[in-house]
Amino acid sequence: MSAEDHKQDTVGRIVAAYATRSDVSPDDIVALYHRLSGELAKQGLVEAVAPASSSAALRPAVPLDRAYTEDKVFCLCCGRGFKMLKRHLGAEHGMTEAEYRAAFGLPEDFPLVAPSYSQKKAAHAKEAGLGRYTRSLPVPQE
Ligand SMILES: [Zn+2]
C-alpha cells in the first residue's frame, strides 16, 4: 500500500467512525472528509505522516477535558471508552497512536491508557520488585 493509499484509507476510516455518531449531520461528514483530505495532503507535502501537527484536523467525538476518566479513555474518533486505545485505534480506525495524536493535535502526555489501568500496571511492576530501588540505594544483601 502506498503512503497515499494509506492516507486515503485513514481518512475513510475516521470519517466512517465519525458518521456513526448521532450528533453529526451529513454536511458535517462531508466537511470533515474534505478537511481531513486537505490536512493530510498538506502534511503529505512535508512528510508522509507529520508528527504532532499543531492544528487539530478533527472535531473530537468527546471534549478533550472529558476524553478520559480514572477508568476509561474515550476514543475521539467514535466516542467509545476503553482501558487502552492502542489496540482499538489499530483495529477499528487503522491508525497508530502517533497518527491519532496528530489527527486531534494531542500533546505527547495526553493519556491513551486509563490512569487507573496504568497505575495498576505500575503497582504490579513494583510488587514484582521493579522500580523499588534507586541507583543511590543499593539492594541490601542478606
Ligand atoms: Zn474509535
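Please order 11, 30 by the number of other Cβ within 10 Å, starting at the fewest. Walk me through the numbers on the way to the answer.
Numbers: 11 22, 30 11.
Ranking 11, 30 by Cβ neighbours within 10 Å, fewest first, gives 30, 11.
Taking amide H positions as placed in the peptide plane 1.01 Å from N, state which residues far from residue 77 in sequence (5 or more) or on other chains have amide H under 5 Å from it.
Correct list: 61.
In what order do 83, 72, 126 fall by count of nearby beta-carbon atoms within 10 Å, going from fewest to most? Spell out each step's value before the answer.
On the way: 83 15, 72 18, 126 11.
If I rank by nearby Cβ atoms, fewest first, I get 126, 83, 72.
Using 1/(1 + (r/R0)^6) with R0 = 35 angstrom and r between the beta carbons of residue 125 and residue 35, what's the FRET efficiency to the nearest 0.05?
0.25
Just to verify a number: FRET efficiency for residue 9 and residue 110, C-beta to C-beta distance, R0 = 25 Å, to 0.05? Can you show the working numbers first?
Details: r = 24 Å, r/R0 = 0.96.
Using R0 = 25 Å, I get an efficiency of 0.55.
In the structure displayed, which of 7/126; 7/86; 7/120 lie more than 30 Å apart, Cα to Cα? Write down the numbers at each step before the final one.
Details: 7/126 41 Å; 7/86 19 Å; 7/120 36 Å.
Table pairs above 30 Å Cα-Cα are 7/126; 7/120.
Quick check: residue separation of residue 19 and residue 2 times 0.36 nm, minus the Cα distance between them. What number comes out in nm? Intermediate values should be presented prior to the final figure.
Details: separation 17, 0.36 × 17 = 6.12 nm, distance 2.55 nm.
Separation in residues times 0.36 nm, less the Cα-Cα distance, equals 3.6 nm.
All other residues with a Cβ under 10 Å from the Cβ of residue 17 taken together, and with Lys, Arg as +1 and Asp, Glu as -1, what is their net charge? Mind showing how you got there, number by number?
Details: positive: 13, 21, 80; negative: 92.
Combined, the nearby Lys, Arg, Asp and Glu give +2.
Read-outs: derived from the displayed coordinates by stated rules, not from any lab. Given the structure is predicted, the values throughout are model-derived calculations rather than measurements. Here the Cβ is made from the backbone with ideal geometry for all residues, glycine too, and neighbour counts use every protein chain on show.
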